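As structure tokens, the structure follows; a few thoughts come after it.
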Amino acid sequence: MDQEPDRTIPGLPLARGLGWIDGPIANSFVLREGSSLYLIDAGYRERATPIVSALGSVGLTPRDLSFALLTHQHPDHMGGASFLRWAWGTKVACHTSDQAAIQGQGPRTAPAWVRLFVRRPPVQVDRALRDGETIGPFTALHVPGHTPGSVAFYHAERKFLFTGDAVLAPGGRLTLPSRSSTFDPDQAIAALEKLAHLEVRLLLPGHGRPVSDVPGERLRTLFRERSARPVQRQKTLFGPEGRPEMAPHL
Ligand SMILES: [Zn+2]
Ligand SMILES: [Zn+2]
């Protein structure tokens, strides 16, 4: 990493202008780009307390955010977005295919127990992104599978890749989310190919630790391994025989 960590960025400094907010369940990241400030994922807490306090520790508020970019509709990634938008007017962006679920207008694709027991206040989306669109310094890469609208954010200039739950890194080891938490496991593997073509210097997952040790090569290895495995049909938590169960928003 040639960038020096920046002590004025919220959270744990990872590189120039880039901070890691290690939430109670999922990761959030903050990136400063010129005079703009971006939040990647809004965490699990309804009042976004880890994000608000990390911003406050360097004299910022959520009002300073240009956008909160949501990688997907699950509550551990968008749970705090509603409060940020309500209290500070933070603008929210996500992929078009998860927009309705995030706004509380369409079916959620989380496992049944999550839909039943995990609160996740809906939030109005200010910008819905399609595959390949840019927002600030990022390109939105549609990587459906974990949810229909899962999206990775790629900073092409600095080779940062924010993967959400499309690729996880528990203990720093790259892997896919469990089949039981994934809407379409086969599609999740196919979508990985798009990420495996990228040049990546720092991979920032939704769960686990950021990976700086040849992340691009490790993504390619993960794709080769997973795509070579025979597809196993199994019952998932979404519904009988792996058929996604589209329940209305709770
Ligand atoms: Zn998820
Ligand atoms: Zn997650």
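The values are calculated or read from the model by the stated rules, or taken from the named source; none is laboratory data. Quantities reported herein were computed from a predicted structural model and do not represent experimental measurements. Please note: Cβ atoms are built from the backbone with ideal geometry, for glycine as well, and neighbour counts cover all protein chains shown.
Among the helices (runs of 4 or more DSSP H) lying completely within the stretch 71-127, list those that include at least 2 residues that are within 11 Å of ligand 1 (Cβ to nearest atom) and buried (at least 22 other Cβ atoms within 10 Å of the Cβ). Can you show your working first?
On the way: elements: 75-78, 81-88, 96-102, 112-117.
Fully inside the stretch 71-127 and qualifying: 75-78.
Just name the residue that is modelled with the highest pLDDT out of those in the stretch 106-147 that are among the charged types (D, E, K, R) and under 27 Å from residue 180 (Cβ atoms).
Once the filter is applied, the top-ranked residue is 131.
Scanning the stretch 142-182 for residues that are aromatic (Phe, Trp, Tyr) and crowded, with 24+ Cβ neighbours inside 10 Å, which turns out farthest from residue 72 (Cα to Cα)?
Keep residues of the stretch 142-182 that are aromatic (Phe, Trp, Tyr), which gives 153-154, 160, 162.
With the extra rule that they be crowded, with 24+ Cβ neighbours inside 10 Å, the set shrinks to 153, 160, 162.
On the way: 153: 11, 160: 18, 162: 12 Å.
It comes out as 160.
Does residue 148 qualify as being in contact with a Leu (Cβ under 8 Å, 6 or more places away or on another chain) and not β-branched (Val, Ile, Thr)?
Working: in contact with a Leu (Cβ under 8 Å, 6 or more places away or on another chain): no; not β-branched (Val, Ile, Thr): yes.
The answer is no for residue 148.
When the residues of the stretch 38-67 are narrowed to those that are more than 16 Å from ligand 1 (Cβ to nearest atom), hydrophobic (A, V, I, L, M, F, W, C) and not in a helix (DSSP H, G or I), which ends up surrounded by the most Cβ atoms within 10 Å (Cβ to Cβ)?
39
Would you call residue 190 within 16 Å of ligand 2 (Cβ to nearest atom) and either outside any strand (DSSP E or B) or touching a strand residue (DSSP E or B) at 6+ places or on another chain (Cβ under 7 Å) (or both)?
Working: within 16 Å of ligand 2 (Cβ to nearest atom): no; either outside any strand (DSSP E or B) or touching a strand residue (DSSP E or B) at 6+ places or on another chain (Cβ under 7 Å) (or both): yes.
No, not satisfied.
Look through the stretch 20-37, keep the residues that are more than 15 Å from the chain's Cα centre (by Cα) and of a type in the set (Gly, Ala, Ser), and return whichever of them is surrounded by the fewest Cβ atoms within 10 Å (Cβ to Cβ).
Looking at the filtered set, the residue picked out is 35.
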